[in-house]
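Only the coordinates and a few stated rules stand behind these numbers; no lab work does. Everything numeric here is computed off the predicted structure, so don't read it as measured data. In this analysis, Cβ positions are derived from the backbone assuming ideal geometry, glycine residues included, and neighbour counts consider all displayed protein chains.
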Amino acid sequence: MKVVVDMNKCQDHGQCVFAAPDVFSMDEDGRLLYVPDPDDALRDEVEEAADLCPLQAIRIED
Ligand code: SF4
């Protein structure tokens, strides 16, 4: 699975971090970090994160 976050849209509020902490995290400056090629076992988490993102900045590509 490939995950792409549009960093021009992302406002670093972190809803995705709560939904999928294995994939999304915040650095010490509060900027979003993410795993661009997470294991398929994490797909449900990532889909939930994409649904929750208020800016719709998360895209899942196979
Ligand atoms: S939920 Fe969306 S806007 Fe918020 S940090 Fe995650 S990707 Fe960025």
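Here is the list for the chain: GluC sites (Glu not before Pro) lying in DSSP coil, each with at most 14 other C-beta atoms within 10 angstrom of its C-beta, are GLU28. Between the helical axis of 43-52 and the longest alpha-carbon principal axis of the chain there is an angle of about 40 degrees.
Considering all different alpha carbon pairs of segment 4-48, the Kirkwood hydrodynamic radius works out to 10.8 Å.
For the chain, trypsin sites (Lys or Arg not before Pro) are listed when DSSP marks them as loop and at most 11 other Cβ atoms sit within 10 Å of their Cβ; the list is ARG31.
Largest GNM mean-square fluctuation across ALA20, ALA41, ALA50, computed for the chain with C-alpha springs under 10 Å, falls on ALA41. Think of the chain as a dipole: +1 on every Lys or Arg Cβ, -1 on every Asp or Glu Cβ, centred on the Cα centre; then among GLN15, VAL3, GLN56, GLN56 lies furthest on the positive end.
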